[in-house]
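Worksheet: the structure to be examined is printed underneath.
The values are calculated or read from the model by the stated rules, or taken from the named source; none is laboratory data. In this text the structure is predicted, and so the values were computed from the model without any measurement. Using ideal geometry, Cβ is built from the backbone for each residue, glycine included, and neighbour counts are taken over all protein chains shown. Protein only, heavy atoms only, side chains kept; ligands, DNA and RNA dropped before computing areas. Shrake-Rupley method; radii C 1.70, N 1.55, O 1.52, S 1.80 Å.
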Amino acid sequence: MRIKDHPILNVPTEKNYVTFYFEDQPVCGTADDTIASALIANGFDVFGFTEHNHPRGFFCAIGKCSACLVEVDGVPNVRACITPIREGMRVKMQRGRGKPKW
Amino acid sequence: MVRHVKALIVGSGPAGLTGAIAIAESVGSGEEVVIIDEGIEPGGQLSKQTHKFFGHEGFYASTRGFEIGNLLVKKVKSLGVEIIQQSTVTGIYEDVITVYDRVNNIVHEYLADYLLIASGATERFLTFKNNTLPGVYGAGAVQTLMNQYRVLPGESFLIVGAGNIGLIVAYQLVQAGAQVKAIVEASSRVGGYAVHANKVKRLGIPILLRHTILEAIGKDKVQGAVVAGVDERFKPIPGTEKEFVVDAICLAVGLQPNVELVAQTGAKLVYIPELGGYVPLRDENMKTTVHNVFVAGDLSGIEEATTAMIEGYIAGYNIAQELTGKSFEDKIEKMKRELEEFRRGPFSKKVRDGLRKMGIVFPEGGYREEQQTDRGPVGKLRAIIECPEAIPCNPCETSCPTGAINVGGNINGIPQIDYSKCIGCGVCVMKCPGLAIFMIQEKEEYSLVGVPYELLPVPTNGTKVKLLNFEGKEIANGEVDHVVLNNKGKTHIVFLRVPKGYEDVVRSFRLPEKAEEFICRCEEITKEDIERVIDMGITDYEELRRVLRIGMGPCGGKTCRSLTLQIISEKTGRPISEIQLGAYRPPTMPTPFEAVVKSALSENDEVSENIQGGIENE
Ligand code: SF4
Ligand code: SF4
Ligand code: FES
């Protein structure tokens, strides 16, 4: 959920929107979003699954805990919480440790 | 290619930034001083702090955390220091320091004459059933999302931990429009500052002491939480479980220093629980056991942002001293005295105890502990300070234009007001970071209470409100007298009209709920309207009717009379049978005037026709 109004912080009304894909669905974020913030803003709380098939989301949001790993444009183990979104980026849920490319 | 710099600083949080300022200022330029930071924007955890900082003006007291971050970053940049973001120092090897640059997906190599490691801390995790379920978040993570990205990861929250972080996040969630169901705290007392706890209590958020979380409920996402009471040994007490319906759980159970990098330099680590676990052994100049490696901030012991800034300066001046061979002892001494002043209070006990284990001794005490009992001259508009603990903070003293407030020398002292000097200007209310100062004035018919207010919407004059006490409990009805807007500092003062005698207990208010309970459908009179008039002393149905127009609409009181009588009965304690039920006046249903006139004239057909025509022509 995006915050529309805040007593302390200004909430920019004019935003530059960026579209990326999560599990092949188009998702709209803003130019300032990370993958994590854009997913949460759009109601996606599950970013992937552990090896034992438990759902995973973010935990620390500052790049420390590795809870938020996703696959970006085919590359696994990208931290959703400290990676800005880009137009057309393809984000997939990571399952387990992510398949290496080699 | 290996890049060689004079000073490499890890982390652009408060300690790293002040360290950079100290080095660059003393050396004369920021050239070859580089900050490497993992985040997207510089500022570290300052960027997500929307509350005003304690401390004193020299360290930006009463300025909001994110604004302090902006000021420091600006200063660092103006000194020519390079800040490299989205880059992580991944290894400190014997021969080189590696930095992974996420933007270009490449590893860079560095060599540095001096290292200042200010890598901060990580939030602690907690064990309970389902603790990895999405919706269980670190408190700091929620702050990052809401305050930096303006996104809320839930609508209703449970917070685990009543230290300063848990309390601050609870308050900030409400500011962002979320609901906080409760804060649970395993120990028997609130760990954070009382002024932070009071802010949260006034919002009506319960703080459940001696409680812990047992389980997160939900399949793919948190849908609730089970909490239970705990005994002295922190074991859950069977039978005390309760469930909260929440969609997010925030863990605010402490921090642990990020020691990986400092360990890789070969610096000695020591285990000191009071400082957060393993920490680098260092001296009072922030130097580790490796001659050119310095540390500052949470990495060197969990504390807070102001002391992190001071430690950053101390480390920075020492590095500058070694780089230039010049002496900056006076600056270093000044900062050490600041640190000593800040750490004298009761909240620094853990840090003092921890540092003593390293052989660094900080004195305690020497601050005023007595609270003022004098509440000032009745009838005069004046400030009332409710700041009961010795915390390192003094903006009340420094902001008062007449010098009426003092904290008694040491910054940890409890503030007192000299009422002969207070002119009732309200500046202190707007400046106090703890929102711990109120205005009061006893008037003839009612009293005024001015409360600091940092929420939306800002009410307008005359708005009817529920008056709340310091625990957020509803105690009376009142209204907004006027609002003193503070568009710069964003802490407004809302002056409430409260019943006489309530000026010492009203400390907050709630705006009327949007969903109102209507009693009289025709005239749109709510239950609250009726109760308010009854509270004014009007308990007679006829009188209520005259004041409110209740029952005077088209239905003639058919729907509302019995409900109104019931409310009068509830409020006054008189049985309905004893309440005057008021006159039943005709007509019992709206009758067109035409019909009345027609009936009156029906015996004289001639005239009747004329009149009828006349009416039709109109
Ligand atoms: S109300 Fe004004 S004069 Fe009185 S103590 Fe506060 S700042 Fe000083
Ligand atoms: S009353 Fe003074 S010391 Fe207490 S929080 Fe407010 S400004 Fe700080
Ligand atoms: S949420 Fe912890 S690394 Fe992203």
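Out of the strands (runs of 3 or more DSSP E) lying entirely within region B:371-479, which hold 1 or more residues that are at negative phi, within 14 Å of chain A (Cβ to nearest Cβ) and more than 16 Å from ligand 3 (Cβ to nearest atom)? It would help to see each step written out before you state the result.
Numbers: elements: B:382-385, B:437-442, B:447-453, B:464-468.
By residue number, B:447-453.
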Being surrounded by fewer than 20 Cβ atoms within 10 Å (Cβ to Cβ) and more than 9 Å from ligand 2 (Cβ to nearest atom) is the filter here; which residues of region B:399-415 pass it?
B:Pro401, B:Thr402, B:Gly403, B:Asn406, B:Gly408, B:Gly409, B:Asn410
Between a residue in region B:26-48 that is part of a loop (DSSP other than H, G, I, E, B) and any residue that is open to solvent by 40 Å² or more (accessible area, probe 1.4 Å), which pairs come within a Cβ distance under 6 Å, given they are 6 or more apart or on different chains?
B:Ser29/B:Gly80; B:Gly30/B:Leu79; B:Gly30/B:Gly80; B:Glu31/B:Gly80; B:Glu32/B:Lys6
Tell me, please, whether a residue that is open to solvent by less than 20 Å² (accessible area, probe 1.4 Å), within 14 Å of chain A (Cβ to nearest Cβ) and in a strand (DSSP E or B) can be found in region B:494-509.
yes
Which numbered condition A:Ala36 fails, given (1) at pLDDT 95 or above; (2) more than 10 Å from every other protein chain (Cβ to nearest Cβ)
(2)
As an exercise: evaluate A:Gly96 against (1) out of contact with any Phe, Trp or Tyr (no Cβ under 7 Å at 6 or more places or on another chain); (2) at pLDDT 95 or above; (3) open to solvent by less than 40 Å² (accessible area, probe 1.4 Å); (4) under 22 Å from B:Asp220 (Cβ atoms) and give the number of the one condition it does not meet.
(2)
Which of (1) more than 7 Å from chain B (Cβ to nearest Cβ); (2) not in a helix (DSSP H, G or I) does A:Asp5 not meet, given it meets every other one?
(1)
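Taking B:Lys221, is it closer than 30 Å to B:Gln371 by Cβ, touching a strand residue (DSSP E or B) at 6+ places or on another chain (Cβ under 8 Å), touching a residue at least 12 places away in the same chain (Cβ under 8 Å) and of a type in the set (Lys, Arg)? Step through it out loud before you land on a result.
Values: closer than 30 Å to B:Gln371 by Cβ: no; touching a strand residue (DSSP E or B) at 6+ places or on another chain (Cβ under 8 Å): yes; touching a residue at least 12 places away in the same chain (Cβ under 8 Å): yes; of a type in the set (Lys, Arg): yes.
Judged against the criteria, B:Lys221 is not a match.
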Any residue at all in region A:15-35 that's surrounded by 15 or more Cβ atoms within 10 Å (Cβ to Cβ) and among the polar types (S, T, N, Q)?
yes
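Quick grid of which residues meet (1) of a type outside the set (Asp, Glu); (2) open to solvent by 10 Å² or more (accessible area, probe 1.4 Å):
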| position | (1), (2) |
| --- | --- |
| B:Val99 | yes, no |
| B:Tyr137 | yes, no |
| B:Leu145 | yes, no |
| B:Glu155 | no, yes |
| B:Ile165 | yes, yes |
| B:Tyr171 | yes, yes |
Condition check: more than 16 Å from ligand 3 (Cβ to nearest atom) and buried (at least 17 other Cβ atoms within 10 Å of the Cβ). Does B:Val483 satisfy that?
yes
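This table checks each residue for (1) open to solvent by less than 60 Å² (accessible area, probe 1.4 Å); (2) without any contact (Cβ under 8 Å) to a residue 60 or more places away in the chain; (3) in contact with a Ser or Thr (Cβ under 8 Å, 6 or more places away or on another chain).
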| residue | (1), (2), (3) |
| --- | --- |
| B:Glu543 | no, yes, no |
| B:Leu565 | yes, yes, no |
| B:Ile576 | no, yes, yes |
| B:Gly582 | yes, yes, no |
Which numbered condition trips up B:Val151, out of (1) in contact (Cβ under 8 Å) with a residue 40 or more places away in the chain; (2) buried (at least 24 other Cβ atoms within 10 Å of the Cβ); (3) aliphatic (A, V, I, L, M)?
(1)
Among the residues of region B:82-127, what is the count of those that are in contact (Cβ under 8 Å) with a residue 40 or more places away in the chain and assigned to a strand (DSSP E or B)?
23
